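Working notes, structure below.
The values are calculated or read from the model by the stated rules, or taken from the named source; none is laboratory data. This is a predicted model, so every value here is computed, not measured. Note that we place each Cβ from the backbone using ideal geometry, even for glycine, and neighbour counts take in every protein chain shown. Side chains included, ligands, DNA and RNA excluded: accessible areas come from the protein's heavy atoms. Shrake-Rupley method; radii C 1.70, N 1.55, O 1.52, S 1.80 Å.
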Amino acid sequence: MSRDVIIHDIRGRRTCTDADFPLRIGGGSGADIRLPDTHPDATFAFVARSESHLFVQPADDSLTVFHNEQILTASQWLEHGDVLRVAHTKVRFEAGATSIRFLVDSEVAEPVVQPPSALPPTPSPGSGAAPGSGPVSSRAQRPARRRIVTWVALSLFLALILAAGFVFFATPVSVQMTPTPERLSIDGILPGVEVGDRLLLLPGSYRVQASKTGYRALDARVEITASGQQTLAFTLEKLPGIVAFAIRPEVAATVRLDGVLLGTTPLGELEITPGRHRLEVQADRHAPASVDVEVRGLGERQRIDVQLSPLWADVSIGSRPPGARVLLDGAFIGETPLEAEIMEGTHELRLERSGFDSVSTTLRVVADQAQQLPEFTLVESDGVLRVDSDPSGATVTVAGVFGGRTPVELSLAPRTNHTLRISKAGFETAEQQVSVQPASSGELAVTLVPRYGTVFITSTPVDAVLFVDGRRHGPATGRIELTTRPHRLEIRKPGYQDFSTTLTPRAGVNQALSVTLLTLAEAKAAARKPRMTTAEGQVMKLVEPARFEMGASRREPGRRANESRRLVEITRHYYLGVKEVSNAEYRRFKPDHVSGAVGGNSLDEPDQPVTQVTWEDAVRYLNWLSARESLAPAYRAQGDSFVPVEPPTNGYRLPTEAEWAYAARYAGREEARKYSWGDAFPPTGSAGNYADRSASTLLANVLDDYLDGYRVAAPVGSFPPSASGFFDFGGNVAEWCQDFYAVYPNAAGTLVEDPSGPATGRHHVVRGSSWRHASISELRLSYRDYSDKARTDLGFRIARYAD
């Protein structure tokens, strides 16, 4: 303890130090609390210190010491106002702010003297004593003494009975108070009796009161039961701290403590619970502040200072000339010269002034870092001149620089002379000198003077009609004057193909135009190209319509029964592939296709003809090829197969049997050819890819005296083409045709146009010999075969209608 200990005893006032403890109450010398000299050498009790608190302890069990009128049998804590009593002397303990006092008060008991209640005895005769002047006889005093002893004995007995009953019914109670109060009282039915560190209390309701500086006073009701030992535990609550908040700078700020809103500054003093708290302060245009504060409580006053950091900086903005409006992110903030507080971050700064071009820049602001921007120089705004011409669409140049076509708005530098040139084909060029004021608007209208040229037109037929630039002019044949600019001339007549051209007349020069219109049929024929190329690079040749005889004479060696003669007419132009479809071309549609091999000889090289394809495989490829060129497909799905679309489209397809036969036997010739190489058997030289002697280990029937250089299929186009420019009609691989297979007996006298075979069937026609064939029957161009499955010597070529 840091407070002084002051003793007021019978000797006067003394001050003790820590070295004087423990203090003795009673006689003796040194550090003690002296009592009257009735017991000059006796020490009744000791006063000592533990954990900054004083306590009293009896010194001798034979001497009775009372603590707050309770017999002191063990150590007891000393509280403000406690009283120690020894006989008739009291020692009162007082705890002050800077000292602790022990006050000694000695009481002198005056004896109570009263005469007996009975009349004094009558003196004996002759005693010579005056009444009342002699000693009281011992016989008169004895009854009074007996009565006093009897009363005291009864009182002691009754006190013992009451004490025994109190102890029997009382409950030992331990009182635990955190922290130790300066004053504690427990009031109830009867005062409690201290026994060691416990208090004996009769069962019932008690009021517990405690107080300590800096803590809220305790005033609680407790119930003491007869159920055995009880513990009363209390914790005194610290008084809140009185806190004032100082926010700098002095702005309206929102203050929160532990997330709870305290209010908006300025705030008065607030009571805050003791302990550690999180203080958060938010204010416009400032960074949020967050600090941990420790409130001491105990009613103490504290001041908490918080410094806010600005989220803006001072920016100085100037312009030449001054007076420009300043816009920050599109919002007006003042006129130059300007000192502005601008929030941190990236902004768009724009300066505007009437008659001048606006100026924009990107402004980057760092909080609390002032900036002086370089002075902005404003440039006078261009004037706007609207230029129009008659006729419109004239080209306008300013100092030789293209400015647009009339009508056009030109932005021109102010207070300067500009040279404008307005020109249009067929008209004289106009030139003007103009000047504009800053930010002004003006108009300029120019009428152009036309220039003409003469054109003489002759048309066949003569009654055709002339259209000039889309407008009807009149009869095509005649003389016409046109402005010297490009004109679109069209000559039309029903039943004829329109003629159109672009012509530019020249001033002072006569021009002539002679036109002969084509009939629609002539135009259609002229539009057909003799050759075309597919999207995959395959070359196709145009085949003309024709009338011819299919089949073979019965007297022709090798002729078969299914080759009866038929009179056929093809009425439409068609294109036919000059070569068979190769593996490489087919794999662009189906990358994983394999044509296979025969006897270790590959059929799978990229330039060999594709084989091992069904009729449906070929049709799928042809529909894919049509889609590549956005053509309508030639086939549609029907069940598991396909049928030709009706009416026919110009999409890619297989050739009909008649188209194949005509192209193979007649195209480019006067007479039908028997074999692809001529009319004599066997082939000689390099006639084509057939079953030659090199294939004798693969095939049963070969041409013993022929060698073409290939045991199996050769690369497409390896042998000379036919007279019409087609390759491999004889040899290499046989080819699928579009028709279902059928025989046509007794059909020689009937003309059939564009035959395409039966509507249904199982097998499709196969035409042409292959690398497997060697007989006179198979090598003839009139040989007919059929199949419903893929083969190693069967492929196809492509066809489509020309119109």
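Adding -39500 (n - 2.57) for every DSSP H run of four residues or longer, then dividing by how many residues the chain holds, sets the calculated 222 nm ellipticity at -2500 deg cm²/dmol. With a Förster radius of 22 Å applied to the C-beta separation of Asn510 and Ala425, the computed FRET efficiency comes to 0.70. Rounded to the nearest 10 square angstrom, Lys212 shows an accessible area of 50 square angstrom against a 1.4 Å probe. Fully extending the segment from Ser205 to Ser174 would add 9.6 nm, taking 0.36 nm per residue of separation and subtracting the current Cα-Cα distance. With 31 Å as the limit on Cα-Cα distance, the pairs of Lys493/Lys579; Lys424/Lys529; Lys541/Lys789; Lys424/Lys493; Lys529/Lys674 that go past it are Lys493/Lys579; Lys424/Lys529; Lys424/Lys493. Here the ratio of the Cα radius of gyration of the range 701-772 to 2.2 N^0.38 Å is 1.45.
So what does the Cα-only Debye profile of the range 673-803 read at q = 0.09, 0.16 Å⁻¹, as log10 I(q)/I(0), no solvent term? Result of the Debye calculation: -0.29, -0.86. With a Förster radius of 56 Å applied to the beta-carbon distance between Lys90 and Ala367, the computed FRET efficiency rounds to 0.15. Antiparallel beta bridges, as assigned by DSSP with both residues in the chain, represent about 80 percent of the total such bridges.
Charging the Cβ of each Asp and Glu at -1 and of each Lys and Arg at +1, and nothing else, the dipole of the range 667-803 about its Cα centre rounds to 300 debye.
At 1.4 Å probe size, what's the solvent-accessible area of Ser514? Round to the nearest 10 Å². Accessible area, nearest 10 Å²: 100 Å². How tilted is helix 615-628 with respect to the longest principal axis of the chain? Cα atoms for both, answer in degrees (0 to 90, nearest 10). Its long axis makes an angle of about 70 degrees.
Note on the chain: dipole from Cβ charges, positive end direction compared against Pro530, Val359, Leu338; the farthest Cα belongs to Pro530.
Counting Cα-Cα pairs of the range 352-425 in 10 Å increments starting at 0 gives whole-percent bin shares of 16, 31, 21, 15, 10, 5, 1. What is the log10 of I(q)/I(0) for the range 244-354, computed with the Debye formula using one identical point scatterer on each Cα and no solvent, at q = 0.22 Å⁻¹? Calculated log10 I(q)/I(0) at the listed q: -1.12. Axis angle, to the nearest 10 degrees, between helix 138-169 and the longest C-alpha principal axis of the chain: 10 degrees. Taking a Cβ cut-off of under 12 Å around Thr571, the surrounding Lys, Arg, Asp and Glu residues balance to a net charge of -4, with basic ones at +1 and acidic ones at -1. Taking Cβ atoms as reference points and 13 Å as the exclusive limit, the residues near Tyr786 contribute a net charge of 0, counting Lys and Arg as +1 and Asp and Glu as -1. Spin-label model, Glu569 to Leu154: label points 7 Å out along the Cα-to-beta-carbon direction sit 16.9 nm apart. Counting only the Cα atoms, the chain fills a convex hull of 502 Å³ per residue.
Note down the accessible area of Ile161, probe 1.4 Å, to the nearest 10 Å². Accessible area, nearest 10 Å²: 90 Å². Report the net charge of residues surrounding Ser441, where surrounding means a beta-carbon distance below 12 angstrom and charges are Lys +1, Arg +1, Asp -1, Glu -1. With Lys, Arg at +1 and Asp, Glu at -1, the neighbours total -2.
Residues Arg301, Arg451, Arg566, ordered by accessible area of protein heavy atoms at a 1.4 angstrom probe radius and largest first, appear as Arg301, Arg451, Arg566.
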